[in-house]
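Notes follow once the structure below has been shown.
The values are calculated or read from the model by the stated rules, or taken from the named source; none is laboratory data. A quick note: this is a predicted structure, and the numbers were derived from the prediction, not measured. Note that each Cβ is placed from the backbone with ideal geometry, even for glycine, and that neighbours are counted across all protein chains shown. All accessible areas refer to the heavy atoms of the entire protein, side chains included, with ligands and DNA or RNA removed. Shrake-Rupley method; radii C 1.70, N 1.55, O 1.52, S 1.80 Å.
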Amino acid sequence: MALFKLLINNRAYDADVERDTPLLWVLRDNLGLVGTKYGCGIAQCGACTVHLDGKAVRSCVLPVSAVGKAKVTTIEGLSEKGDHPVQQAWDEVDVAQCGYCQAGQIMTAAALLKEKPKPTEEEIVSTMSGNICRCGTYHRIREAVKVAASKTN
C-alpha cells in the first residue's frame, strides 16, 4: 500500500491504497464521495467521469498513482450550491429519468463547455456520444448542453 495525497474538490485527502487502485474506488470506497458512479469498469459508458485539471476523464480506469498533483473535481465539487450552468440546464430541461448516468453526463458537458463555451451541434454530439444513457434521454441531454452554453459568457 502507498499513501497518496490528493486534492479533490479543493480539499486535501490522504488515501492509503494500492498504486493501481482505480480513482473511482478511492473516491467511493475510501473517501465516501459516491456521486461518481460505476457503470462498466472499462471506460466505455461515462458514468465514472470526473475532471482531472479540468479535463473529463474516466475514473474507473485511471490508477490513483496517475493522479499526481492534479486537481480532481467530482460531481460533488462541480459547484457548491448545485448552481453550475450545466446543473441548472439539466433541471430546466428535465433531463434525468432514472438519473444513474447523470453525474457523468454533467461532468462531460461541463468539461466541454469549459473548453468550448459555444460548441456546435456536432461538437456536442461527438463529445457526449461517449456517455451512455440507458433511458435514452439523449435529445434532452443535447438540449441541456445548448441551454447551458447560452448561460455561459
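For the reader, a short list of remarks on this structure follows.
- Pairs where the first residue, in segment 88-102, is assigned to a helix (DSSP H, G or I) and the second is modelled with pLDDT under 90, C-beta under 9 Å, 6+ apart: Q88/K151; A89/K151
- Meets criteria (within 21 Å of A43 (Cβ to Cβ) and either at pLDDT 95 or above or open to solvent by 40 Å² or more (accessible area, probe 1.4 Å) (or both)) for V93: no
- Selection from segment 48-74 of residues that are hydroxyl-bearing (S, T, Y), closer than 12 Å to M107 by Cα and not in a loop (DSSP other than H, G, I, E, B): T49, T73
- Taken across segment 24-47, residues that are open to solvent by less than 30 Å² (accessible area, probe 1.4 Å), closer than 18 Å to G104 by Cα, in a strand (DSSP E or B) and not assigned by TED's automatic domain parsing to the domain that holds C133 do not occur at all.
- Residue within segment 105-123 that is out of contact with any His (no Cβ under 9 Å at 6 or more places or on another chain), in a loop (DSSP other than H, G, I, E, B), at pLDDT below 95 and open to solvent by less than 40 Å² (accessible area, probe 1.4 Å) present: no
- Selection status of V67, in contact with a strand residue (DSSP E or B) (Cβ under 9 Å, 6 or more places away or on another chain) and open to solvent by 20 Å² or more (accessible area, probe 1.4 Å): no
- D53 passes every criterion in (1) closer than 20 Å to N10 by Cβ; (2) in contact (Cβ under 8 Å) with a residue 40 or more places away in the chain apart from (2).
- Residue in segment 70-77 that is modelled with pLDDT of 95 or more and either over 14 Å from the mean Cα position of the chain (by Cα) or farther than 30 Å from L3 by Cβ (or both) present: yes
- Taken over segment 1-17, residues that are more than 18 Å from K71 (Cβ to Cβ) and either among the aromatic types (F, W, Y) or in contact (Cβ under 8 Å) with a residue 24 or more places away in the chain (or both) amount to 2.
- Looking across segment 134-148 at every residue that is crowded, with 23+ Cβ neighbours inside 10 Å and without any contact (Cβ under 8 Å) to a residue 60 or more places away in the chain, the one that is nearest to H51 (Cα to Cα) is identified as V145.
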